1. Using the Karplus equation 6.51 cos²θ - 1.76 cosθ + 1.60 (θ = phi - 60°), what ³J(HN,Hα) coupling, rounded to whole Hz, does each residue of the stretch B:62-71 give in order, writing x for Gly and Pro?
2. GNM on chain A, C-alpha springs below 10 Å: top fluctuator among A:K156, A:K204, A:K182?
3. Whole-Hz ³J(HN,Hα) for each residue in the stretch A:140-150, computed from phi via Karplus 6.51 cos²θ - 1.76 cosθ + 1.60 with θ = phi - 60°, x for glycine and proline: what do you get?
4. So which aspartates and glutamates pass the test for B:K86, namely a Cα distance under 18 Å, with those fewer than 8 places away in the same chain ruled out?
5. Quick check: Cα centre of the stretch B:39-63 to Cα centre of the stretch B:84-113, how many Å?
6. Select from the stretch B:56-147 those trypsin sites (Lys or Arg not before Pro) which occupy a DSSP coil region and have at most 13 other Cβ atoms within 10 Å, ordered by residue number.
7. Between A:L165, A:L203, A:L264, find the one with the highest GNM mean-square fluctuation for chain A; connect C-alpha pairs within less than 10 Å.
8. Which order do B:C74, A:C213 fall in if you start with the one that has the fewest other Cβ atoms within 10 Å?
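What follows draws every value from the coordinates through simple rules; no lab data is involved. Predicted, not measured: the structure shown is a model, and the values here were computed from it. In this analysis, Cβ positions are derived from the backbone assuming ideal geometry, glycine residues included, and neighbour counts consider all displayed protein chains.
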Amino acid sequence: MLRPTRFLASSLFLTVCFALFPPAPRAQEKPYIVTYDQFLEEPRSLEVEYFSTFGTQRDGNQFHSYWLELEYGATAWWTTEFYLDAQTTFHDSTVYTGFRWENRFRPLRREHFINPVLYVEYERVNGADKLLKEVEGHDVESNFAVPNAAARQEIKNELELKLILGSNFKGWNVSENFLSVKNLAGEPWEFGYALGASRPLALKGAPKRCNFCPQNFVAGVEMYGGLGDTASFGLRETSHYLAPVVAWNMPSGWTLRASPTFGLNDNSRRFMIRWGVAKEFSGFGDLVKKLFGGRS
Amino acid sequence: MKPHFIALAVSGMLLVGSLCVAQKDSHPEKPAKNSAHDYTELTKAPEKARVKPNPFEKDPDAAIAGQFLFENHCAECHGEAGIGGKKAPSLRAQEVQNASSGTLFWLLTSGVTRKGMPVWSKLPEAQRWQIVRYLKSLGPKPDANPDKPASPTAR
């Protein structure tokens, strides 16, 4: 069991540390929480992110799920990420729910009207996972009504593949994700989607350094849901969500994201509030090299 | 508290602490020696992209805005005022300064992902043109005093 105080103390320590030693500023993030765009992390940069979801639950207890994400730009065409997940179910308990390791690859050398990115993820999570980092297959609200003690007994090893397509048009970013997930215990492939569109409030950069310039705010909307599995492909018994999203990219390198999320059918949670904070460390790879005596 | 939690917490704190200390090491990077090879990508710009004019050519604020954008997104690799860094070549070399605005915009948009330069189409088109305007305002690197950046409104 993971105590919230321990998690909060670690988060506070990291926050103080990051604030005391600000690295070179660099951030221009899209506001999506679920949808991936076509952009990868800059080479040798590390982005540390914390995301949080508060969700309502009919016929059960409300929950707060959260993940810590370490995103590293291995090259300009390959980004690798590691996640640690946990959740608190009110009137129940707080549990660690698993880890994920994902990789994204940009196969094309040049920018095109539609830019594909390939995504491969391995995850080892337990049945108490309430992250909703993606929605796939026949994920429905009633799945989360099982008490943590019983749900965490189930261990899932899953492989997830995504095709990410992204375009920029007149300042808008439009991204489409098509995903398929395979539980390696021999269950059928499950499918899902995520769509997003966003635009900065101003397209031109301001001739001054500022936190509150409209160019630093990106607003948009995303929609995601399940598409059944190989045995029953389609919208039957699937859940879907629509979420306005907003991001604030501060020149100091911090990014804040927020998203009120609304369920679109009876199988979906009625409401969730999702938010995240991210900090980018430019040249992290060089720092690590330096620490171990290498030349950056 | 279980021993493995303590070990994990201490290891994490040591790692973060070490990184924080390393972050404070801010010795200026020596500019890289540039070979002609660093600039060959510029020659690959398609004709249609090369002849595109900069819509901010006559906007005096564009170079200043471009300078802030450059400092935020590009200076980490290309060095302060584009003099070049350990990871990326100087942008004040003749090859860059003689390239058309359209060529620079094209390179910024597409990146050179196989050689480490990321795609910068994540910035809106207007901001990419502002960066190009700033780059063109820098002029060639002055030999006498390489540390003194040119005024962004010089051109």
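1. Going residue by residue, I get 4, 5, 5, 4, x, 5, 5, 5, 4, 4 Hz, with x marking Gly and Pro.
2. Looking only at A:K156, A:K204, A:K182, the biggest GNM fluctuation is shown by A:K204.
3. Values, residue by residue: 9, 4, 5, 4, 8, 7, 6, x, 4, 4, 7 Hz.
4. By straight Cα distance, B:K86 reaches A:E42, A:D286, B:D25, B:E29, B:D38, B:E71, B:E76, B:D147.
5. If we compute the Cα centre of each part, the gap is 10 Å.
6. Details: sites: B:K58, B:K86, B:K87, B:R92, B:R114, B:K115, B:K122, B:R128, B:R133, B:K136; in loops: B:K58, B:K86, B:K87, B:R92, B:K122.
Answer by residue number: B:K58.
7. Of A:L165, A:L203, A:L264, the Gaussian network model singles out A:L203 as fluctuating most.
8. Values: B:C74 22, A:C213 19.
The order, fewest Cβ neighbours first, is A:C213, B:C74.
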